[in-house]
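Chemist: Could you have a look at this structure, given as structure tokens, before my questions?
The values are calculated or read from the model by the stated rules, or taken from the named source; none is laboratory data. Just so it is clear, the structure is predicted and the values come from calculations on it, not from any experiment. With ideal geometry, Cβ positions are generated from the backbone for all residues, glycine too; neighbour counts draw on all protein chains shown.
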Amino acid sequence: MGGGESPTNLSERALADLAGVPVAFVRRAVELQLLRPGDGEASFRVADLSRVRLLLACDRAGLPPDAIAKAVREGRLSLAFMDLPQYRFALFTGQTYRELCAERGLDFDVLTRLHEAQGISIPGPDDPVREDDL
């Protein structure tokens, strides 16, 4: 984390970068009240990182944040479970899969086949590498 932030507080930009989303995605989650930042520059909690990553996964799977927000407002869904420690996602590094493959002398096709064989999502060459993938 850059900018001298503590591991418990993140700025909007740091949250977006660590989650691998545009700042606009974080702002939309705030508008929908799926994230509730505190006051100040570093107003997001580390648990918010897990929420953003979950929202992104749902959005990519066809369940948009607007629908999630509606279910939360209607009391049919809660994201409170995301505060539990077992729901912490790995952080993104500042490196892309293309850069990682070049650095390690690994063919990108081999990397994608490894992901596929493990049943995990296949990254694009310019996607950021997660810490646990290193």
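Chemist: Checking the condition aliphatic (A, V, I, L, M) and within 22 Å of ASP133 (Cβ to Cβ), which residue from LEU100, LEU32, LEU79, LEU84 passes?
Modeler: On the way: LEU32 fails: within 22 Å of ASP133 (Cβ to Cβ); LEU79 fails: within 22 Å of ASP133 (Cβ to Cβ); LEU84 fails: within 22 Å of ASP133 (Cβ to Cβ).
One residue alone meets the criteria, LEU100.
Chemist: Further question on the same structure: Select, from SER121, SER78, the only residue that is under 17 Å from VAL52 (Cβ atoms), in the same structural domain as GLN33 (by TED's automatic domain parsing) and not aromatic (Phe, Trp, Tyr). Before you say what the answer is, go through the steps one by one.
Modeler: Values: SER121 fails: in the same structural domain as GLN33 (by TED's automatic domain parsing).
On inspection, the qualifying residue turns out to be SER78.
Chemist: Out of curiosity, is ASP39 touching a residue at least 24 places away in the same chain (Cβ under 8 Å) and of a type in the set (D, E, K, R)? I'd like the intermediate steps shown before the answer.
Modeler: On the way: touching a residue at least 24 places away in the same chain (Cβ under 8 Å): no; of a type in the set (D, E, K, R): yes.
When the stated conditions are applied, ASP39 does not pass them.
Chemist: Go through (1) part of a helix (DSSP H, G or I); (2) closer than 20 Å to LEU54 by Cβ for GLU99 and report which single condition fails.
Modeler: (2)
Chemist: Considering only residues that are β-branched (Val, Ile, Thr) and over 16 Å from the mean Cα position of the chain (by Cα), look in the range 36-78 and name the one that is surrounded by the fewest Cβ atoms within 10 Å (Cβ to Cβ).
Modeler: Within the range 36-78, the first condition is being β-branched (Val, Ile, Thr), and the residues that meet it are 46, 52, 68, 72.
Those still in the list that are over 16 Å from the mean Cα position of the chain (by Cα) too: 68, 72.
Numbers: ILE68: 20, VAL72: 16.
Applying the filter and picking the extreme gives VAL72.
Chemist: Continuing with the same structure: Of everything in the range 105-131 that's at pLDDT 90 or above and among the β-branched types (Val, Ile, Thr), which residue is farthest from ALA57 (Cα to Cα)?
Modeler: VAL110
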